[in-house]
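The values are calculated or read from the model by the stated rules, or taken from the named source; none is laboratory data. In this text, all values refer to a predicted model and were calculated from it rather than measured experimentally. Methodologically, a virtual Cβ is constructed for each residue, glycine included, from the backbone with ideal geometry; neighbour enumeration extends over all protein chains shown. Ligands, DNA and RNA are stripped out before the accessible areas are found, and what is left, the full protein with its side chains, is counted by its heavy atoms. Shrake-Rupley method; radii C 1.70, N 1.55, O 1.52, S 1.80 Å.
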Amino acid sequence: MTPKKRAALWRIALLVGAVGGLEILCLSGHIDRLTMQPPHRIVMDLVALLAGGELNGAIAKTLRNAALAFVIAMVAGVSFAVLLHYLRSLRDMLDPVFATYYAIPMFAFYPLLIVLFGLGDTPQIFIGAMLAVVAVIVNTLNGLDRIPRVLLKTARVNQLSAWDTARLVMLPCAAPHILTGAKLAVAYSLIGIIGAEFIMSTGGMGYEISFAYMNFDNAKMYPLILLILLVSIAINTLLAKWEKILMARRGLS
Amino acid sequence: MTSIMTTSKPITPTRTPSAPGAAQVSLRGVDKEFIRPGRSGETVHALGPIDLDLRRGEFFAVVGPSGCGKSTLLELVAGLSTATRGDVTFEGKPIHNRIPDGVGVVFQEDASFPWLSVRENIAFGLRRIKIDPKERERRIENALAMMGLTSFAHSFPAQLSGGMRQRVCIARTLVTEPRLILLDEPFGALDQQTRLLMGDEVLNLWRKTGATVFLITHALDEAAMLADRIGVMSARPGRLIDIVETGWPRDRDSRIVQEEAFGAITARLWRSLRAESMKAIGKPEVEP
Ligand SMILES: Nc1ncnc2c1ncn2[C@@H]1O[C@H](COP(=O)(O)OP(=O)(O)OP(=O)(O)O)[C@@H](O)[C@H]1O
Ligand SMILES: [Mg+2]
């Protein structure tokens, strides 16, 4: 067995152990039902919840807004990074801002955003995109910095326009780094949207969780948390797979 | 060195004559200075003055001590940079920091695109060239075959050896059917035996394509074996201090390394270069 496989086995064992332990603690009454449902119950509740369809609207809203925030962050982040790559002085000016960006408690500005954008979905999407965009910028810049000069010369020899050079040489070359940014952006978009729904909103999964929490409605709260976990893990696994394919192609596993 | 341009003035201005031996590239009083990074305004004289004519269809090699400006010279001819002084023309037209059509470049470093398969890498060379799909396929298959890459068409560069990656880059240039091929130490990273064999392949493609080849190398034997003429450069700022005619037949191959003349050429190159190479590594001349 390779060390990698062994590590994977241990990881699964740990997960099964933790969930199993939780199950036993819940069933034996050491954790009372008001605090938490046993895991098997959460799964059953989730299935029932999804089958019942009562939360479909909330789930769709959250996922749609997170997807929107993600796409905005990717498009804006990658474009801005390419721009910064060419504008050295602007980049030197902004570098410290990027370095300290995640020390800023973005949610503290939420009330301000509501004043600016109103009570609709816009302030939530804005927060999700703002959280995600810097991870995309920083990682894309990192990738652009590592493009070998000889590849850019090759682009010139092949008489590529600036647009084609970016599209056909720079971005593909930086793709593994951009994908790293994308993985973070998925997480940040979800955090941004769900966090904002928690604070002040009338819909979405974050709102439903907080509403269920206020009402001691564990049959709704835990399945929703589980669903968020599953969605986030699924998207990340998909991106990681893609990243792996790109890296393997380049002989970097 | 006599100027060929002055002897064969083109009568019709529409197209330069394609007779073999006519000057295809000419450099007149070419100098290149770089602004030294960091210090304000200070310049490094990297190259020149250089006067040189490349004859259409010839195999011209350049040897010189390291850092003498060989790559700088190649980039000037390729149109990748502009001369500080002097004129560079390709087929009669001046090159102004613009890559002329009909010129292919293979760089010193590996320039294959790691995210594209061998085939896609080669097809990349044809992006800008408008030809029908059949001709496109034919050229790609041809280049693959010529560089011995047919069975690796769907591999990625990471799965190939360094020499094979350089061959991908050569193939990517070949598909454009360049009239001038610039090679900057393409086999610098290879072992001696492989280099000799790669030399044969370059000779082959030179014969088959009829293109002019301008090869930069630091290996004197490689230059002596491959070229019709060899330009010897001084230490920085690089100037041409000697041009050696080898007089090899067109259908030569690496077996000429056994010939007497080969030894004589290599010896002459080394005589010209020894003092310059000493300068390049910072040692004063001892011999008069
Ligand atoms: N962009 C640049 N800016 C400043 N100096 C440069 C630049 N490019 C080259 N030089 C300098 O010009 C000189 C010639 O460089 P060049 O790369 O042409 O040498 P070379 O003969 O190709 O060397 P090598 O044998 O190592 O490939 C060197 O001293 C180098 O430091
Ligand atoms: Mg060089």
Filtering the range B:96-139 down to residues that are surrounded by fewer than 22 Cβ atoms within 10 Å (Cβ to Cβ) and aliphatic (A, V, I, L, M), which residue is farthest from the other protein chains (Cβ to nearest Cβ)? B:I131
State which residue is nearest to the chain's Cα centre (by Cα) when the search covers only the range B:27-51 and only residues that are surrounded by fewer than 21 Cβ atoms within 10 Å (Cβ to Cβ) and more than 13 Å from ligand 1 (Cβ to nearest atom). B:D51
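If you check A:A175, A:A196, A:A155, A:A166, which single one turns out to be modelled with pLDDT of 90 or more and touching a Gly at 6+ places or on another chain (Cβ under 9 Å)? Give the derivation first.
Values: A:A196 fails: modelled with pLDDT of 90 or more; A:A155 fails: touching a Gly at 6+ places or on another chain (Cβ under 9 Å); A:A166 fails: touching a Gly at 6+ places or on another chain (Cβ under 9 Å).
Result: A:A175 is the single residue among A:A175, A:A196, A:A155, A:A166 that is modelled with pLDDT of 90 or more and touching a Gly at 6+ places or on another chain (Cβ under 9 Å).
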Residue satisfying all of: in the range A:241-253; open to solvent by less than 40 Å² (accessible area, probe 1.4 Å) and in a helix (DSSP H, G or I); nearest to the other protein chains (Cβ to nearest Cβ) among these: A:L246
Checked pairs for the range B:66-81, first within 6 Å of ligand 1 (Cβ to nearest atom), second open to solvent by 30 Å² or more (accessible area, probe 1.4 Å) and of a type in the set (D, E, K, R), C-beta under 7 Å and 6 or more apart or across chains, list as B:G67/B:R236; B:C68/B:R236; B:G69/B:R236
In the range B:142-161, residue nearest to ligand 1 (Cβ to nearest atom) [restricted to those that are away from chain A (no Cβ under 12 Å), assigned to a helix (DSSP H, G or I) and open to solvent by 10 Å² or more (accessible area, probe 1.4 Å)]: B:M146
Test A:T237 against the criterion of being of a type in the set (S, T, N, Q), open to solvent by 30 Å² or more (accessible area, probe 1.4 Å), within 15 Å of the chain's Cα centre (by Cα) and more than 14 Å from chain B (Cβ to nearest Cβ), and give yes or no. yes
Restricting to the range B:206-220, what's the tally of residues that are away from ligand 2 (no atom under 16 Å from the Cβ) and surrounded by fewer than 20 Cβ atoms within 10 Å (Cβ to Cβ)? 4
Flagged in the range A:22-49 as farther than 11 Å from A:N218 by Cα and not hydrophobic (A, V, I, L, M, F, W, C), in numbering order, are A:E23, A:S28, A:G29, A:H30, A:D32, A:P39, A:H40
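With respect to B:S71, is the statement that it is small (G, A, S), within 12 Å of another protein chain (Cβ to nearest Cβ) and closer than 18 Å to B:L183 by Cβ true? Before you say what the answer is, go through the steps one by one.
On the way: small (G, A, S): yes; within 12 Å of another protein chain (Cβ to nearest Cβ): yes; closer than 18 Å to B:L183 by Cβ: yes.
Spelling it out, B:S71 is indeed small (G, A, S), within 12 Å of another protein chain (Cβ to nearest Cβ) and closer than 18 Å to B:L183 by Cβ.
Restricting to the range A:16-43, what's the tally of residues that are assigned to a helix (DSSP H, G or I) and open to solvent by less than 60 Å² (accessible area, probe 1.4 Å)?
Filtering the range A:16-43 down to residues assigned to a helix (DSSP H, G or I) leaves A:16-27, A:39-43.
Adding the requirement that they be open to solvent by less than 60 Å² (accessible area, probe 1.4 Å) leaves A:17, A:20-23, A:26, A:39, A:42.
Qualifying residue count for the region: 8.
Restricting to the range B:171-184, and then to whatever is over 9 Å from B:V103 (Cα atoms) and open to solvent by less than 10 Å² (accessible area, probe 1.4 Å), can you tell me which residue is farthest from ligand 2 (Cβ to nearest atom)?
Step one: list which residues in the range B:171-184 are over 9 Å from B:V103 (Cα atoms), which gives B:171-172, B:174-175, B:183-184.
Still in the running and open to solvent by less than 10 Å² (accessible area, probe 1.4 Å): B:171, B:175, B:183-184.
On the way: B:A171: 22, B:V175: 25, B:L183: 11, B:D184: 6 Å.
Among those residues, the one meeting the criterion is B:V175.
Among the residues of the range A:164-185 satisfying the criterion of being free of Cβ contacts under 8 Å to residues at least 60 places away in the same chain and within 30 Å of B:D101 (Cα to Cα), which is surrounded by the most Cβ atoms within 10 Å (Cβ to Cβ)? Can you show your working first?
Pass one, the range A:164-185, residues free of Cβ contacts under 8 Å to residues at least 60 places away in the same chain: A:164-165, A:167-169, A:172-174, A:177, A:184.
Still in the list and also within 30 Å of B:D101 (Cα to Cα): A:164-165, A:167-169, A:172-174.
Values: A:D164: 15, A:T165: 17, A:R167: 13, A:L168: 18, A:V169: 21, A:P172: 18, A:C173: 21, A:A174: 25.
Result: A:A174.
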Quick count over the range A:214-240, residues being in a helix (DSSP H, G or I) and either over 30 Å from A:L112 (Cβ atoms) or in contact with a Lys or Arg (Cβ under 9 Å, 6 or more places away or on another chain) (or both), is 17
Which of the residues that make up the range A:154-200 are within 14 Å of chain B (Cβ to nearest Cβ) and not in a helix (DSSP H, G or I)? A:N158, A:Q159, A:L160, A:S161
Single residue of the range A:199-218 satisfying the filter (at pLDDT below 85 and among the hydrophobic types (A, V, I, L, M, F, W, C)) that is surrounded by the most Cβ atoms within 10 Å (Cβ to Cβ): A:I199
Return the residues of the range A:1-48 that are within 26 Å of A:M214 (Cα to Cα) and β-branched (V, I, T); say none if nothing qualifies. A:V19, A:I31, A:T35, A:I42, A:V43, A:V47
Hey, can you tell me all the residues within the range A:44-79 that are more than 15 Å from the chain's Cα centre (by Cα) and surrounded by 15 or more Cβ atoms within 10 Å (Cβ to Cβ)? A:D45, A:L46, A:L49, A:L55, A:A58, A:I59, A:K61, A:A76, A:V78
Could you list, in sequence order, all residues of the range A:146-163 that are open to solvent by less than 30 Å² (accessible area, probe 1.4 Å) and over 32 Å from the mean Cα position of the chain (by Cα)? A:V150, A:T154, A:A155, A:V157, A:N158, A:L160
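Quick one: which residue in B:E91, B:E135 is more than 16 Å from ligand 1 (Cβ to nearest atom) and not assigned by TED's automatic domain parsing to the domain that holds B:M233?
Values: B:E91 fails: not assigned by TED's automatic domain parsing to the domain that holds B:M233.
Sole residue among the options that is more than 16 Å from ligand 1 (Cβ to nearest atom) and not assigned by TED's automatic domain parsing to the domain that holds B:M233: B:E135.
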Considering only strands (runs of 3 or more DSSP E) fully contained in the range B:49-118, which possess at least 2 residues that are farther than 27 Å from B:F156 by Cβ, at pLDDT 85 or above and more than 13 Å from ligand 2 (Cβ to nearest atom)? B:59-63, B:85-90
Of the conditions (1) of a type in the set (A, V, I, L, M, F, W, C); (2) surrounded by fewer than 16 Cβ atoms within 10 Å (Cβ to Cβ); (3) under 13 Å from the mean Cα position of the chain (by Cα), the single one that A:I194 does not satisfy is (2)
